[in-house]
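All remarks here apply to the structure that follows.
The values are calculated or read from the model by the stated rules, or taken from the named source; none is laboratory data. If you're wondering where the values come from, they're calculated on a predicted model, not measured in any experiment. Every residue, glycine among them, receives a Cβ derived from its backbone with ideal geometry; neighbour counts consider all protein chains shown.
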Amino acid sequence: MPDLALDLRYLRSAIATAEHGSFRQAAMSLNVSQSTVIRRVQLLEHRLGFAIFLRDRKGVYLTPAGENFLKEATPGMNQLRRAIQLASARHRGEHGELNIGILASLASGFLQLALKEFRERSPAVKVILHEGTAQENLHKLALGRLDVVFMTGEPEIAGHVAQRLWTEHVFVVLPSGHRLSEAETLSWQEVRDETFIVSSGGPGPEIQDYLMKRLADLGFRPTIDVHEVSRESLMHLVAIGYGLTLTSSSTVGASTQGVVFRPIAGEDEDLPSSAVWSPSNSNPSLKHLLGLVKRLASDVAKRLTWLALCILIAASAVPDLIDLDDLAEPARIHGRSL
């Protein structure tokens, strides 16, 4: 009975020898010495119990048994090599699958940049996005159906890691014909009596919680209507006068006719956005994605710091010619493109 515990190097040496008809040429193709190839072939023949090659002064030739053996063994060798390559690539995070939970409001801006760069760096990784509320996505994360969730806020969830990555400035969305649409900025006092509309899915619950908190601080309880519609449909409802809504800086400038976006004056509290994942998740692709978004978040923070420094330097150099509010506001509003 042949010893089946074969070193794959023996088999590679035999295949190379058969392809080149020469131990010397086989050794050159494998980048080893000729004596190494000969020794490996001899050991393989010994373990199989029959000769693979006939030798003479002109070269080496396959025996009938050797020809049949390599004909059957070579496809398996190639399949094994392919399996090793795929497994190794998956281990390195170059192949595989990632299931990512997002809110509708996070489908652009920072997260869009991160997903775009991840796609460019790991094109063989299959990325599947799941859009839903934070509660829905966190439930799927707990069940293992999602690898990571990107959401607003900084949640504390047992058994999971939540890391703040970037912030989103809050804007009021109102009809272009609204009495406040000409104002450059708005105050909470000005919109406290307005009806706000939110969607039941996506970031709707988060917007509702945010409204309740901000207006409750002023002693008011906002009127909020919940619609079971998409973000796009919600914007159309704003345009035709059903109420105002809130959105984040990543969606400002989205092509929706009939609405305008206005920042809240003096609103220093931006909405934080975080990544949430389980530390026990061993998906290598998740590790790569998290590394990428952390690096991007750090780069954005550095750019914003650099921009603020430039503004201060410019202001100190020509204070009478530069209005700090004019410089700072566009940087804050359009920070997503920095």
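Within region 227-246, can one find any residue that is in the same structural domain as LEU174 (by TED's automatic domain parsing), modelled with pLDDT under 80 and either touching an Asp or Glu at 6+ places or on another chain (Cβ under 9 Å) or closer than 17 Å to THR185 by Cα (or both)? Among the residues of region 227-246, not one is in the same structural domain as LEU174 (by TED's automatic domain parsing), modelled with pLDDT under 80 and either touching an Asp or Glu at 6+ places or on another chain (Cβ under 9 Å) or closer than 17 Å to THR185 by Cα (or both), which makes the answer no. If you check ALA142, ALA124, ALA162, ALA183 for being over 20 Å from ASP225 (Cβ atoms), small (Gly, Ala, Ser) and assigned by TED's automatic domain parsing to the domain that holds PRO263, only one passes: ALA183.
Look at (1) assigned to a loop (DSSP other than H, G, I, E, B); (2) in contact with an Asp or Glu (Cβ under 9 Å, 6 or more places away or on another chain) and you find that PRO155 fails only one, number (2). Does region 188-199 contain any residue that is in contact with a Ser or Thr (Cβ under 9 Å, 6 or more places away or on another chain), at pLDDT below 85 and closer than 17 Å to GLY101 by Cβ? Yes; the residues of region 188-199 include at least one that is in contact with a Ser or Thr (Cβ under 9 Å, 6 or more places away or on another chain), at pLDDT below 85 and closer than 17 Å to GLY101 by Cβ.
Filtering HIS130, HIS178 for residues that are part of a loop (DSSP other than H, G, I, E, B) and either surrounded by 15 or more Cβ atoms within 10 Å (Cβ to Cβ) or touching a strand residue (DSSP E or B) at 6+ places or on another chain (Cβ under 7 Å) (or both) leaves a single hit, HIS178.
Checked against (1) surrounded by 18 or more Cβ atoms within 10 Å (Cβ to Cβ); (2) in contact (Cβ under 8 Å) with a residue 60 or more places away in the chain, GLU154 meets all criteria but (1).
Residues of region 16-61 that are more than 22 Å from PRO75 (Cα to Cα) and of a type in the set (D, E, K, R): ARG24, ARG39, ARG55, ASP56, ARG57, LYS58.
Quick one: is GLU184 loosely packed, with under 15 Cβ neighbours inside 10 Å and within 16 Å of PRO263 (Cβ to Cβ)? Yes, satisfied.
To keep it simple, each residue is scored yes or no on (1) without any contact (Cβ under 8 Å) to a residue 12 or more places away in the chain; (2) over 22 Å from PRO279 (Cβ atoms).
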position	(1), (2)
SER122	no, no
GLU131	no, yes
ASN137	no, no
ALA158	yes, no
THR167	no, yes
GLU182	yes, yes
VAL191	no, yes
GLU206	no, yes
ILE224	no, yes
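Of the residues that sit in region 247-264 and are at pLDDT 70 or above and in a loop (DSSP other than H, G, I, E, B), which one is surrounded by the fewest Cβ atoms within 10 Å (Cβ to Cβ)? Applying the filter and picking the extreme gives GLN257. Among the residues in region 136-149, are any assigned to a strand (DSSP E or B) and crowded, with 21+ Cβ neighbours inside 10 Å? Yes: one or more hits.
For region 35-62, filtering for residues that are over 13 Å from TYR10 (Cα atoms), in contact with a strand residue (DSSP E or B) (Cβ under 8 Å, 6 or more places away or on another chain) and either surrounded by 15 or more Cβ atoms within 10 Å (Cβ to Cβ) or in contact (Cβ under 8 Å) with a residue 40 or more places away in the chain (or both) leaves 4.
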